[in-house]
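Novice: Sharing a structure, written as structure tokens. Questions coming.
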Amino acid sequence: MQTHVRMHNHLHMQSPSVSNGHPLRWRKSSASNPNGNCVELAEIADRHVAMRNSRYPTGPVVVSSRAAVGAFVRGARNGEFDDLTRDAAERDADPR
């Protein structure tokens, strides 16, 4: 099996707690699972956004530009990732 690695323009870092001397304000969607396992976002310096799994608050963080996060959010709003949230039976019945 061959694995392809694609270069990407974001920085992986251990969970930052402070940006420019101020604590990060992590936010998640009001539609998030109350048991955790959600994506949280926080604004950091230089117009970047940090993203982490709420289940692992001290775990790794992905940092990306506001433009990249905005493109992802717009794609999610437009349904571009809906197939990833459905189980196999639902996908087979409606392969959109």
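Novice: Can you give the local net charge around Ser54? Use residues other than it whose beta-carbon is closer than 13 angstrom to its beta-carbon, Lys and Arg +1, Asp and Glu -1.
Specialist: +3
Novice: Another one. Under 20 Å from a label point 7 Å along Cα→Cβ of Ser30: give me every residue in region 62-76 with its amide N that close.
Specialist: In region 62-76, the label zone of Ser30 (backbone N under 20 Å from the point 7 Å along Cα→Cβ) covers 73-74, 76.
Novice: Pulled fully out, how much extra length does the chain show between Cys38 and Asn53, if you take 0.36 nm times their separation in residues and subtract their Cα-Cα distance?
Specialist: Additional length available on full extension: 4.8 nm.
Coordinate-derived values only; no laboratory data. Keep in mind it's a predicted model, so treat the numbers as computed, not measured. Methodologically, a virtual Cβ is constructed for each residue, glycine included, from the backbone with ideal geometry; neighbour enumeration extends over all protein chains shown.
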